[in-house]
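A short write-up of the structure that comes next.
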């Protein structure tokens with residue numbers, strides 16, 4: 001395009017010279033000369049303007065030329081700010097992702113067997129490398145030291161209080177208490193023969209002859225069964241109230257009592273320093289590692305199959321649960337907007353820093369590569385428009401001359 005624009009300028013110069021030479025004999029060539037003359041002026045003016053963007057025309061350091069290389073730092077900052085304000089603005093991003101069904105796309109992708117197989121294969125192939133890496137002595141020592149230090153800092157008493165408070169909120173634990181009562185009834189039924197035998201042994205042999213032991217056994221079993229049924233079916237039972245009170249007191253003690261905190265710290269310390277426990281965990285670790293490695297090497301790996309089945313099940317479950325999809329979509333959209341708002345300026349800084357590191361020649365080449373072709377059209381249009389303007393001016397001058 002540069003050669004075409006320059007060639008058009010040369011052509012206009014040749015036409016101008018030819019018209020100027022033959023015009024005395026052919027006055028009509030004045031129109032051609034006027035067109036070619038103005039076309040050359042327009043072509044040269046636009047050549048200067050286009051060239052001044054990238055370098056000094058003819059190497060002469062004319063003021064306000066080589067605009068892009070001289071102002072590359074400011075251009076980079078403006079580009080970064082432009083992208084941040086016009087493409088990474090949180091309202092724009094929120095509008096753009098508002099109707100994107102991220103969860104639906106993920107569910108559909110996970111539910112496809114080919115995708116599940118690919119993902120499961122990737123996870124299964126990474127497992128052996130992770131396990132071999134964990135066998136490195138230095139890594140294990142480093143991880144062990146930091147793990148122990150981290151465990152010692154955990155406030156297990158407060159965590160236990162939080163868990164208990166969560167379980168007892170809105171009397172959720174009453175369901176568990178009811179289940180425990182039902183289990184107690186089942187155990188009572190299962191151990192009736194043992195209870196019967198124990199009562200028989202505890203009763204004096206003389207009373208056994210008149211079946212007193214049988215009466216006592218029946219009365220004990222009936223009383224226990226009635227008590228358990230009453231406890232199960234009466235939410236306001238005194239025993240349930242006592243259980244609630246004990247749990248609330250335990251939660252308060254776990255939060256506030258120094259003795260409970262000391263007990264928790266002591267228990268953690270004992271577990272961490274217990275040599276037998278460490279040896280046992282080491283044995284379990286090696287057995288688990290060896291089994292995982294052996295399974296991963298099999299063509300029909302059970303781990304890979306289970307992973308694939310689990311991935312597919314998750315995808316199908318999510319695909320059929322619109323409520324969960326909507327919750328995930330809301331979370332993903334909110335997270336995207338928050339991350340863009342928090343880190344959008346990093347993108348602007350990246351653009352500015354990248355342009356700042358370019359030397360003048362690099363940014364000139366990149367700019368010319370991207371927009372240089374279109375700028376040559378400006379030169380071509382300037383040549384033609386200049387010629388037409390010159391022709392109109394010539395006609396106007398001819399029309400007003402005496």
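Values in this text are rule-based calculations from the coordinates and carry no lab data. The structure displayed is predicted, hence computed values, not measured ones. We place every Cβ from the backbone using ideal geometry, glycine too, and count neighbours over all the protein chains shown.
Separation between the residue 327 and residue 67 pseudo-spin-labels, each 7 Å from Cα along Cα→Cβ, expressed in nm?
Taking the simple label geometry, residue 327 and residue 67 are separated by 5.6 nm.
Would you calculate, for the chain, the mean residue ellipticity at 222 nm contributed by helices, counting each DSSP H stretch of 4 or more residues as -39,500 (n - 2.57) and dividing by all residues, to the nearest 500?
Helices in the chain give a 222 nm mean residue ellipticity of -29000 deg cm²/dmol.
Restricting to Cα pairs below 8 Å that are 6+ residues apart, what does the relative contact order work out to for the chain? Please round to a whole percent.
That works out to 44 percent.
Rounded if a/c is under 1.5, else prolate if a/b is larger than b/c, else oblate: which is segment 17-95, with a ≥ b ≥ c the root eigenvalues of its Cα gyration tensor?
oblate
What is the distance in Å between the Cα centroid of segment 222-281 and that of segment 361-380?
77
I want to verify a result. In a Gaussian network model of the chain, Cα cutoff 10 Å, which of these has the top mean-square fluctuation: 88, 391, 216?
216
Mind checking which of 160, 211, 302 has the largest fluctuation in a GNM of the chain, springs on alpha carbons under 10 Å?
With Cα springs under 10 Å in the chain, the top fluctuation among 160, 211, 302 is at 211.
Quick one: 64, 248, fewest Cβ neighbours within 10 Å first, how do they rank?
The order, fewest Cβ neighbours first, is 64, 248.
Taking the chain as the reference, fit the longest principal axis to its C-alpha atoms, fit the long axis of helix 113-134 to the helix C-alpha atoms, and give the angle between the two in degrees, 0 to 90, nearest 10.
That works out to roughly 70 degrees.
Counting just the Cα atoms, what span does the chain cover along each of its three principal axes? Round to the nearest Å and put the largest first.
Extents along the principal axes: 159, 51, 51 Å.
What does the extension gain come out to for residue 266 and residue 152, with contour length at 0.36 nm per residue minus their alpha carbon separation?
40.0 nm
Could you pull out which residues in segment 309-333 have an amide N less than 18 Å from a spot 7 Å beyond the Cα of residue 288, following the Cα-Cβ vector?
What the label zone holds, given the 18 Å backbone N cut-off, is no residue at all.
So for 311, 75, fewest C-beta neighbours within 10 Å to most, what's the order?
With the fewest neighbours first, 311, 75 line up as 75, 311.
Among 10, 355, which comes first, second and so on when ranked by fewest other beta-carbon atoms within 10 Å?
10, 355
Is the C-alpha gyration tensor of segment 199-345 telling us rounded, prolate or oblate? Criteria: a/c under 1.5 is rounded; beyond that, a/b larger than b/c is prolate, otherwise oblate.
Prolate is the answer for segment 199-345, as a/c is 1.5 or above and a/b outweighs b/c.
What is segment 222-302 by shape, rounded, prolate or oblate, if you read a ≥ b ≥ c off the alpha carbon gyration tensor as root eigenvalues and call it rounded for a/c under 1.5, prolate for a/b larger than b/c, and oblate otherwise?
Taking the square roots of the gyration eigenvalues as a ≥ b ≥ c, segment 222-302 is oblate.
Would you mind computing, in nm to one decimal, how far apart the modelled labels at residue 234 and residue 102 are, each placed 7 Å from Cα along Cα→Cβ?
Using points 7 Å along Cα→Cβ, the separation is 5.4 nm.
Quick one: length gained pulling residue 216 to residue 358 fully straight, 0.36 nm per residue minus the C-alpha distance?
41.3 nm
Using 0.36 nm per residue of separation minus the Cα-Cα distance, give me the extension gain between residue 190 and residue 170 in nm, one decimal.
Net length gain for the segment: 3.9 nm.
Please give the helix 29-54 orientation as an angle from the longest Cα principal axis of the chain, in degrees from 0 to 90, rounded to the nearest 10.
Roughly 40 degrees between the two axes.
Given a Förster distance of 22 angstrom, what is the FRET efficiency for residue 114 paired with residue 298, based on the Cβ-Cβ distance and rounded to 0.05?
Plugging the Cβ-Cβ distance into 1/(1 + (r/R0)^6) gives 0.55.
When the chain is modelled as a GNM with alpha-carbon springs shorter than 10 Å, which of 332, 212, 93 fluctuates the most?
Among 332, 212, 93, the largest GNM mean-square fluctuation belongs to 212.
Roughly how tilted is helix 72-86, in degrees to the nearest 10 and between 0 and 90, from the longest Cα axis of the chain?
In the chain, helix 72-86 runs at an angle near 50 degrees to the longest axis.
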